[in-house]
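The values are calculated or read from the model by the stated rules, or taken from the named source; none is laboratory data. Treat the numbers as computed from the prediction; the structure is a model and nothing was measured. Here the Cβ positions follow ideal geometry from the backbone for every residue, glycine too, while neighbour counts run over all protein chains shown. Accessible surface is based on the protein model in full, side chains and every heavy atom, while ligands, DNA and RNA are left aside. Shrake-Rupley method; radii C 1.70, N 1.55, O 1.52, S 1.80 Å.
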Amino acid sequence: MDPKLILNIGGGPTRQLPSHYAGWNQHLLDIDPNANPDILCDALDLSVLDTYDAVYTSHTLEHFYKHDLPKVMKNIYNCLKRDGVVEIYVPDIKELVSRLAHSSLDIHDVYYRLSDGSPVTYHDVLYGWNIAMSKGNLYYAHRCGFTGLSLAASLQEAGFDEILVSSDGANIKGLATKKS
């Protein structure tokens, strides 16, 4: 039996996937040619149908304008095979705002650090990763934000079934299946 096929949307040059996708064949879709993607395009223009067993996207959806999200989500839905699954991670804006409002922290304080030690500030989470944008890479700009309810609503509107949404206090994870 052939390995399962996963589309990693916006995975960047690291192509990093969670360990539960070990052994899967991965196609990387990215708008940034510097990521050396298998598919160079905007997820708004994705026109693949019924091809992938899973779609994984981590910290990508917040880079789209809110009015474009229904199309992006429908494109994700359409590229999945029957019973395919989508796994999404986005920043938890509700938690971020709550932390800022109930502390002495400032918007420019460090929210967390990446595995390489690079700082990500509260401002970065709201508006985009300044380190990359200051070097001219505006693909990192953020154009919308999510709460658990808004991510669930986006998945439901696109036609997904069995929607599960949770938060770890910094990120929202959404899992959903394509209806059979």
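Observations, loosely collected:
- Number of the exception - PRO33 against (1) surrounded by 18 or more Cβ atoms within 10 Å (Cβ to Cβ); (2) free of Cβ contacts under 8 Å to residues at least 40 places away in the same chain: (1)
- Of the residues making up segment 73-83, just one is outside any helix (DSSP H, G or I) and touching a Phe, Trp or Tyr at 6+ places or on another chain (Cβ under 6 Å), namely LEU80.
- Options PRO13, PRO37, PRO3: the member that is in a loop (DSSP other than H, G, I, E, B) and touching an Asp or Glu at 6+ places or on another chain (Cβ under 6 Å): PRO37
- Residue selected from segment 150-170 under the condition of a type outside the set (Asp, Glu) and out of contact with any helix residue (DSSP H, G or I) (no Cβ under 9 Å at 6 or more places or on another chain), by the criterion farthest from LEU126 (Cα to Cα): GLN156
- Taking the criterion of being at pLDDT 95 or above and surrounded by 20 or more Cβ atoms within 10 Å (Cβ to Cβ), the residues of segment 1-26 that qualify are ILE6, LEU7, ASN8, ILE9, GLY10.
- Qualifying residue in segment 74-88 (condition: farther than 22 Å from LEU7 by Cα, touching a residue at least 40 places away in the same chain (Cβ under 8 Å) and of a type in the set (D, E, K, R)): no
- Hey, VAL90 in contact with a Phe, Trp or Tyr (Cβ under 6 Å, 6 or more places away or on another chain) and part of a strand (DSSP E or B) or not: yes
- Single residue of segment 46-79 satisfying the filter (among the acidic types (Asp, Glu) and more than 16 Å from the chain's Cα centre (by Cα)) that is nearest to LEU114 (Cα to Cα): ASP53
- Scanning segment 134-147 for residues being touching a residue at least 12 places away in the same chain (Cβ under 8 Å) and either closer than 20 Å to TYR52 by Cα or open to solvent by 30 Å² or more (accessible area, probe 1.4 Å) (or both) gives a total of 7.
- Criterion applied to ASP109, ASP92, ASP124 was being at pLDDT 95 or above, surrounded by fewer than 15 Cβ atoms within 10 Å (Cβ to Cβ) and not hydrophobic (A, V, I, L, M, F, W, C), and the one residue passing it is ASP109.
- Residue ID - modelled with the lowest pLDDT, chosen from residues in segment 154-180 that are among the small types (Gly, Ala, Ser) and open to solvent by 50 Å² or more (accessible area, probe 1.4 Å): SER180
- Per-region count, segment 45-72, residues more than 18 Å from ILE172 (Cβ to Cβ), open to solvent by less than 30 Å² (accessible area, probe 1.4 Å) and part of a helix (DSSP H, G or I): 0
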